[in-house]
Amino acid sequence: MFTGLIREMAHVKNFGGNRLSLKANHKAKLGDSIAINGTCLSVVSVESDGFSVELSPETLTHIATEKLQGSVHIEPAMMMGDRFEGHIVQGHIDTIGTVSSITDNGNSYEVIIDVNSEFIPLIPPKGSISIDGVSLTVNEVMKDSFRLTIIPITMRETLFGTYKKGTRVNIETDVFARYMRHILTSSSKKELSWNDIDRINGMY
């Protein structure tokens, strides 16, 4: 499990096939889980200046692989007793979004990201979302996009400072929204109405 707080910007030494080698200050151990741009990956080898992780074919089809070059976000998995910040992030990418616009408002930046409309129910207003592994709050949700407010330090210290219109990003939706959708859709063969939801709620 992760929190969505980026611990380091690592540098890609090599990416080929299913193996990604990184130069990083973080001292990884063999078998460690580390989120790379929000994707949970396992350390398969440790080098003097970093480590390497392996990507499965399934992972490669669900993430923005073109961003596995230059600098990448890394966050080691939480340890028992660690301070909990950000929000619960699993490192399981749901979909790829596309940056639609970035507006500089002086003391913050408004970022709108387009996403397939089927994922909109998993992105509640004021809910949490992970973008390339960064824990953020959703300010507004539209038909097939959502709006974020990014503070200057996030722009300076993460890949957000390199984003432009058309940049693809890894998206992990809120874990609770994902579970609730699965429970509600798998427990009923028909679309649930508000009356159905009230009835279910009254059972607990």
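Results, tabulated for the structure shown:
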quantity	calculated
Qualifying residues in region 106-127 (those that are part of a loop (DSSP other than H, G, I, E, B) and in contact (Cβ under 8 Å) with a residue 40 or more places away in the chain) - the one nearest to LYS165 (Cα to Cα)	VAL115
Total residues in region 69-98, condition out of contact with any Asp or Glu (no Cβ under 8 Å at 6 or more places or on another chain) and surrounded by fewer than 19 Cβ atoms within 10 Å (Cβ to Cβ)	15
Out of GLY4, GLY81, sole residue that is touching a strand residue (DSSP E or B) at 6+ places or on another chain (Cβ under 6 Å) and either at pLDDT below 95 or in the same structural domain as ARG156 (by TED's automatic domain parsing) (or both)	GLY4
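The values are calculated or read from the model by the stated rules, or taken from the named source; none is laboratory data. Bear in mind the structure is a predicted one, so any value in this text is a computation, not a measurement. Here Cβ is always computed from backbone atoms with ideal geometry, including for glycine, and neighbour counts include all displayed protein chains.
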